[in-house]
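Comments concern the structure below.
The values are calculated or read from the model by the stated rules, or taken from the named source; none is laboratory data. Note that this is a predicted model, so its numbers are computed, not measured. Glycine also receives a Cβ, built like all others from the backbone with ideal geometry; neighbour counts cover every protein chain displayed. These accessible areas exclude ligands, DNA and RNA; they are computed on the full protein's heavy atoms, side chains included. Shrake-Rupley method; radii C 1.70, N 1.55, O 1.52, S 1.80 Å.
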Amino acid sequence: MKLRKKLIEKLFEWSQKIYLKFKKKEPWGISTAELLEFPNDSFGKKLGTFLNKNGFELIGKVERHDAYHVLSGFGTNVEDEIALQYLCYGNGKRTPYLTGVLLLGTTLLPEYASYYYNSYLIGKQINTFHHFDFKKLLHTDFEGFRKVIFSKKQLLKLQKLQYQYNEFQYSPQTIN
């Protein structure tokens, strides 16, 4: 399984470079350090904290992907990246790149099919979020914004699912 996960990581890196060449959006032009200056309860601060914790900077033109991580609570390991894409697919997002991730991820890591399927089902149930202009929402209260997308029950279900598949990455304290 480790070899398959490494293969997927390499394919993600390679395909991302190609994808970015065709992406027409303007980069946000905001660094992790700048995001960490946002008010403590803001979406921007939560995004900065996520990036800082993982040693990341926003990737220009696809910043919204990290916003999805922060809002949904998915980690950055391979199976979480794929489960996040299933959540987005269930939520109505459709792109060729996303479809490729679903096909590749499911084919190479079929042992996570239940995790992916349940992420998809949750994505179908929650309010649509993939269309937001996240840059304009960086000053928004994080918990309030999250409540627009998830009911308390949906968020709890998602966090329990993530905890089930990532015992060492998540802890029960993250469940609000």
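Distances between every pair of Cα atoms in the stretch 80-144, grouped in 5 Å steps from 0 to the bin holding the largest one, split as 4, 18, 24, 21, 17, 9, 6, 2 percent.
Inverting the mean 1/r over all pairs of different Cα atoms, compute the Kirkwood radius of the chain and quote it in Å.
Details: mean 1/r = 0.0601 Å⁻¹.
Taking every pair of different Cα atoms in the chain, averaging 1/r and inverting gives 16.7 Å.
Considering only the other residues whose Cβ falls under 9 Å of the Cβ of Phe142, what net charge follows from Lys and Arg at +1 and Asp and Glu at -1?
Values: positive: Lys45, Lys46, Arg146; negative: Asp41, Asp141, Glu143.
With Lys, Arg at +1 and Asp, Glu at -1, the net is 0.
Helix content alone sets the calculated 222 nm mean residue ellipticity of the chain: runs of n ≥ 4 DSSP H residues at -39500 (n - 2.57) each, divided across all residues, give -19000 deg cm²/dmol.
Could you tell me which of the pairs Lys25/Lys136; Lys45/Lys136; Lys2/Lys93; Lys93/Lys157; Lys25/Lys135; Lys61/Lys152 are separated by over 24 angstrom between their Cα atoms in the structure shown? Each step should come with its number before you reach the end.
On the way: Lys25/Lys136 14 Å; Lys45/Lys136 13 Å; Lys2/Lys93 29 Å; Lys93/Lys157 21 Å; Lys25/Lys135 12 Å; Lys61/Lys152 31 Å.
Among Lys25/Lys136; Lys45/Lys136; Lys2/Lys93; Lys93/Lys157; Lys25/Lys135; Lys61/Lys152, the Cα-Cα distance tops 24 Å for Lys2/Lys93; Lys61/Lys152.
Subtracting the Cα-Cα distance of His131 and Ala113 from 0.36 nm times their residue separation leaves 3.9 nm of extension gain.
Taking the centroid of alpha carbons for each part, the stretch 8-86 and the stretch 130-156 are 16 Å apart. Summed over the residues of the stretch 1-130 and divided among them, the accessible surface reaches 52 Å² per residue at a probe radius of 1.4 Å.
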